[in-house]
Structures are given as structure tokens and as C-alpha cells.
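A short worksheet on the structure shown next.
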Amino acid sequence: MASRIIIADDHPLFRTALSHAVAKVWPEAEIVEASSAGEARREVEQGAEALLLDLHMEDSNGLSALMDFRQDFPALPVAIVSASEEVRVYDAASQLGAAAFIPKSASLELMREALSCVREGDSWFPESGGETDDDLARIASLTPAQRRILGQLNEGLLNKQIAYELDISEATVKAHITAIFRKLGVVNRTQAVLLAGKLDVSQDVAESASD
């Protein structure tokens, strides 16, 4: 059975460009395109040798999707392909288990070089400050349900709204939030939301642009 490479990006033209790079590195592979993280997950569940994942799609924004795929499919190499091009974003993706980080501005030749490393089981990043972030490590320790609730706290939802969205009781939401605070080492929602912002790559980029 031919290997399957999943390309998850919501821009059809860029998926086509990535497909050309993938075809050079995995000439025998079946290339499957997905326009959302949810669609990519369904395809990965059917088997995949590697996943190329955009950080910004309709149902995902930032590094949360990477964390979900790494937790649920730990043996799957995930190469991030993103327009976010900051060293701290590369470092965060590496710390959270990405196999590669390919800037969307990269040439096809550079994309092929990065993908060849992934195929060989190596990692590839354009540059790195070699920094690790203890906050990211704490966020990575959260369960998927806790990360989902943290994301909803980040959106400003109240406990009763979170309970409605997840179809659970408010008491369960409160228990999750208590556990989230404990794991993150924070004492209130504001502090938790500030940490959650580290997964929002677009926010990081915007903040750095205003510095």
C-alpha cells in the first residue's frame, strides 16, 4: 500500500504548490489535501506517513492543533507550514514536537530539502534561538479537554457558556478550571489567558510588530 501524505491548508493554490514539493520527495505516495484541521484528522485516522499542517485554518489558530495531533498520533511526523516566521515560533513548534517548520515564503527547493529531512526521520527548522519555554511545557501537560476549556477561557466565555458548549455541568467546568490553574501555576483566569496567548501565533506576530 502506498504511503499517504496529508496536506492541511485552507488555501488551494498553496496546497497545490506543496503537492509539487511532496511529489518530488515521496514520488510513490498518495497525496491527500485537507482544508481544515478536522478534515486532516479524519484523513490521518485512515493512515498517514506525514502531515503538513498550516497553523491558521478556519477551525484552528496557532499551535493548539499541533499539540492535539502530537498527543493523539505521537508516531506521526508533523511538519508545520506557516506564514509566521519568527524564531520564537520556530522554537515553540520544535518544543511542542513538530518535525519541521517550513515558512510559506520558502522556495520549492527549500521545501523539498525540509521534507526530505522529515522523510529520513530528521528535523528541519530554518533557524532557532535554542530557547525552551516552561510555560509551553505546562500548557502541553494539559489534557485535550483542559486545553479546549483553556481556549474557551481565552475567548472570554463564562463557566455556564463553556458548560453549554461542551454539554457538561458547570461543576465539571469548575473542576477542570481548578486543575488547569494548578497545572499552569496560575491563580486566576487573567493569568491563564495570558499563558494561552503563547499558542496564538498571530497574536505573537502582532505584538512583535508593535514593539
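Residues that are not basic (K, R) and not in a helix (DSSP H, G or I): does region 10-17 have at least one? Yes: one or more hits. Residues in region 148-166 that are loosely packed, with under 15 Cβ neighbours inside 10 Å, under 18 Å from D68 (Cβ atoms) and touching a helix residue (DSSP H, G or I) at 6+ places or on another chain (Cβ under 8 Å): 1 in all. A search for C-beta distances below 9 Å between a residue of region 183-211 that is within 20 Å of Q152 (Cβ to Cβ) and at pLDDT 90 or above and any residue that is surrounded by 17 or more Cβ atoms within 10 Å (Cβ to Cβ) and of a type in the set (S, T, Y), counting only pairs 6+ apart in sequence or on different chains, returns nothing. The number of residues in region 108-140 being small (G, A, S), closer than 20 Å to F14 by Cα and modelled with pLDDT under 90 comes to 0. Taken as a whole, the structure leaves A145 outside the set of residues that are more than 18 Å from A92 (Cα to Cα), more than 22 Å from the chain's Cα centre (by Cα) and either at pLDDT 90 or above or surrounded by 13 or more Cβ atoms within 10 Å (Cβ to Cβ) (or both). Taking every residue in region 57-71 that is among the acidic types (D, E) and pairing it with any residue that is in a loop (DSSP other than H, G, I, E, B) and surrounded by fewer than 19 Cβ atoms within 10 Å (Cβ to Cβ), at least 6 positions away or on another chain, the pairs with Cβ-Cβ distances below 9 Å are E58/D10; E58/S35; E58/S36; D59/S36. Selection of region 167-197 for residues being open to solvent by 50 Å² or more (accessible area, probe 1.4 Å), aliphatic (A, V, I, L, M) and part of a helix (DSSP H, G or I) yields A171, A175, L194.
If you go through region 100-135 and keep only what is within 21 Å of L199 (Cβ to Cβ) and either of a type in the set (G, A, S) or outside any loop (DSSP other than H, G, I, E, B) (or both), you end up with A100, F101, I102, P103, S123, S128, G129, G130, D134, D135.
The values are calculated or read from the model by the stated rules, or taken from the named source; none is laboratory data. Every value quoted in this text rests on a predicted model; they were computed, and no experiment measured them. No Cβ is skipped: glycine too gets one built from the backbone with ideal geometry, and neighbour counts run over all protein chains shown. Surface accessibility is based on the protein's heavy atoms, side chains included, excluding ligands, DNA and RNA. Shrake-Rupley method; radii C 1.70, N 1.55, O 1.52, S 1.80 Å.
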